[in-house]
Amino acid sequence: MTMMKKMRKSRLKGILTAKLHFNPDHSSESQFKRADLVFSNVKHGKESYEVWAYLNNPKASDRTPRDINKGYAGRFIVFGHGGCFGDRGHCDYSTRKYSTYDLRYRHPLTPVTKIITVTRALNYVLDQDKWLQSVTLVPIIKRAKRKDSGRDSSIMNFEDMALRLYS
């Protein structure tokens, strides 16, 4: 089962949130062995950053403890490339064409898929609240100077997020 959602900016600066309703009582997927949050086409051409995911905690921020009882589900890290320093068109990954049997490496800036396995956190949320209501993402830029680091939703650029359940 897959449920996709687009993210929107939270009331708190630098945080993204999505309403993601999953009620196992009204689903054929009530018994699952694994649950993943899948982020499609994550772009990584700018700075490096880390993303913390919280379930059913729309007030989560970079100061929220990473504990399961606070809704913390996991994280992923994006190694950014720091921008483009090549000639015109050098960093345009969308212009390259590949055939099915092409053995060349893909362009280094081709968007990637990121996965957070949230099975334990989702089971905890379902035990406490009986259903999943929202996902909150806290993107945090890590810079050389600590005072320049912090949360920034503009750095995170992806197509969509999906909750995938496996039985």
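General remarks:
- Of all residues in region 61-84 being in contact with a helix residue (DSSP H, G or I) (Cβ under 7 Å, 6 or more places away or on another chain) and among the aliphatic types (A, V, I, L, M), the one that is surrounded by the fewest Cβ atoms within 10 Å (Cβ to Cβ): I68
- Among (1) modelled with pLDDT under 85; (2) within 19 Å of D152 (Cβ to Cβ); (3) of a type outside the set (A, V, I, L, M); (4) surrounded by fewer than 17 Cβ atoms within 10 Å (Cβ to Cβ) - the single one Q31 does not satisfy: (2)
- Residue in region 100-108 that is surrounded by 13 or more Cβ atoms within 10 Å (Cβ to Cβ) and either over 15 Å from K19 (Cα atoms) or without any contact (Cβ under 8 Å) to a residue 12 or more places away in the chain (or both) present: yes
- The selection criterion, being closer than 15 Å to R75 by Cα and charged (D, E, K, R), holds for R151.
- Taken together, the residues in region 34-47 that are more than 10 Å from the chain's Cα centre (by Cα), surrounded by 15 or more Cβ atoms within 10 Å (Cβ to Cβ) and either at pLDDT 85 or above or more than 23 Å from K13 (Cα to Cα) (or both) amount to 2.
- Only one entry in A53, A121 is over 20 Å from I155 (Cβ atoms) and modelled with pLDDT of 95 or more, namely A121.
- Qualifying residue in region 87-97 (condition: surrounded by 14 or more Cβ atoms within 10 Å (Cβ to Cβ) and either modelled with pLDDT of 80 or more or touching a helix residue (DSSP H, G or I) at 6+ places or on another chain (Cβ under 7 Å) (or both)): no
- Among the residues of region 29-51, those identified as in a strand (DSSP E or B) and either closer than 21 Å to L163 by Cβ or among the hydrophobic types (A, V, I, L, M, F, W, C) (or both) are R34, A35, D36, L37, V38, F39, S40, N41, V42, E50, V51.
The values are calculated or read from the model by the stated rules, or taken from the named source; none is laboratory data. Just so it is clear, the structure is predicted and the values come from calculations on it, not from any experiment. Cβ atoms come from the backbone with ideal geometry, glycine included; neighbour counts cover every protein chain shown.
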